[in-house]
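Derivation of every value follows stated rules applied to the coordinates shown; laboratory data play no part. The structure presented is a predicted model; accordingly, all values stated were derived computationally and were not measured. For neighbour counting, all protein chains shown are included, and Cβ atoms are generated from backbone atoms with ideal geometry for every residue, glycine included.
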Protein chains: 2
Amino acid sequence: MRIGELAGRTGVAPRLIRYYEQQGLLTADRAPNGYRTYGEEHVERVTRVAGLVRAGLPTKLVKVLLDMEDAAAAREPTCPRLVAEQLAAELVGIEANIACLTRSRDTIREFLTRTEHAALLSEAAAR
Amino acid sequence: MRIGELAGRTGVAPRLIRYYEQQGLLTADRAPNGYRTYGEEHVERVTRVAGLVRAGLPTKLVKVLLDMEDAAAAREPTCPRLVAEQLAAELVGIEANIACLTRSRDTIREFLTRTEHAALLSEAAAR
DNA sequence: GTAAACTTTGACACTGATGTCAATGTCAAG
DNA sequence: CTTGACATTGACATCAGTGTCAAAGTTTAC
């Protein structure tokens with residue numbers, strides 16, 4: 001599939017897909033004519049990258065994370081102490097983010113319930 | 001307390017505290033000399049604002065959220081259908097963020113465990 | 001074969017969040 | 001009174017993420 005279709009299926013603009021590739025977050029094969037070509041696996045990858053970026057992680061950290069996931073898939077991942085420390089620090093930040101967002105989510109939910117708009121909740125969940 | 005102390009206690013730069021105020025996310029009393037003065041309650045407020053912003057929410061949405069919390073504290077919160085719909089939409093986005101971050105968190109945790117750096121986990125949690 | 005739709009790269013621009021600096025004012029300590 | 005730490009506002013700079021446009025090549029549909 002080419003970039004347009006990938007964009008359609010992920011909801012991520014072609015412009016951004018190219019940008020993420022440029023940042024090293026994505027790879028793409030090239031057709032003989034130079035067009036980028038993608039497989040099914042890229043759909044998830046793009047979705048994930050976009051999700052992390054939207055969640056506020058800098059692209060650089062996203063790269064580290066995803067590289068790590070790839071490395072984790074292989075056995076015997078290697079990880080020098082220093083990198084591990086950085087990751088641990090990031091972990092703290094991410095957990096703080098989760099806590100903050102969870103609280104916001106609960107606030108919105110409760111608010112919608114109290115204002116008689118609870119129907120929107122299931123509607124939203126349906127998506 | 002003045003801005004410097006507030007910054008120290010929250011870990012948020014004075015520059016940003018002023019910025020958040022300018023964006024309507026914060027309020028501050030003024031001393032006769034023009035200095036901003038804050039109370040204990042501002043410590044939590046600033047922490048919360050900074051947390052949400054770091055989590056990737058635009059300041060504008062943060063404002064809506066916090067205003068909502070304030071309104072929810074009062075009884076009989078009012079909420080026109082249109083606003084409720086926007087909030088429901090935001091809720092979906094926030095939940096996606098939480099899911100994405102949760103997955104990242106698990107990835108890092110698992111990775112640290114597998115690379116014999118599990119000690120860093122409790123260390124991080126301690127903070 | 002021609003037009004319409006899509007792709008490529010690259011440049012420019014804009015926005016939001018922050019850093020930094022400058023000029024000035026205030027306050028506490030010596 | 002002077003010095004140093006901290007405040008004020010406002011301007012300017014930076015960076016990441018995106019939008020948009022241009023010029024050119026490719027593919028698809030008629």
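Just a few scattered comments:
- Chain A residue nearest the rotation axis toward B, with distance: A:G56, 1 (Cβ to axis, whole Å).
- For region B:1-107, the list of trypsin sites (Lys or Arg not before Pro) that fall in a loop by DSSP and count at most 13 other C-beta atoms within 10 angstrom reads B:R2, B:R75.
- Using the Cβ-Cβ distance between A:T59 and A:A119 with R0 set to 41 Å, the FRET efficiency from 1/(1 + (r/R0)^6) comes to roughly 0.60.
- Per the Kirkwood formula applied to alpha carbons, chain B shows a radius of gyration over Rh ratio, Rg over Rh, of 1.07.
- Screening chain A for whole DSSP H helices of 30 Å or more along their axis (Cα) with average Kyte-Doolittle hydropathy at least 0.0 returns A:81-114.
- For the protein assembly as shown, the alpha carbon convex hull comes to 168 Å³ per residue, rounded to a whole number.
- Annotation note: chymotrypsin sites (Phe, Trp or Tyr not before Pro) in region B:22-124 located in DSSP loop regions with a Cβ neighbour count of at most 14 within 10 Å are B:Y35.
- Spin-label pair A:R105-B:R105: with each label point 7 Å from Cα along the Cα-Cβ axis, the two points sit 1.0 nm from one another.
- Derived value for region A:1-57: Kirkwood hydrodynamic radius 11.3 Å. Basis is the mean of 1/r over every pair of different alpha-carbon atoms.
- Theoretical ellipticity at 222 nm over the protein assembly as shown - DSSP helices of four or more residues, -39500 (n - 2.57) apiece, nearest 500: -23000 deg cm²/dmol
- Surface/4 of the Cα convex hull for region A:79-127, nm²: 4.5
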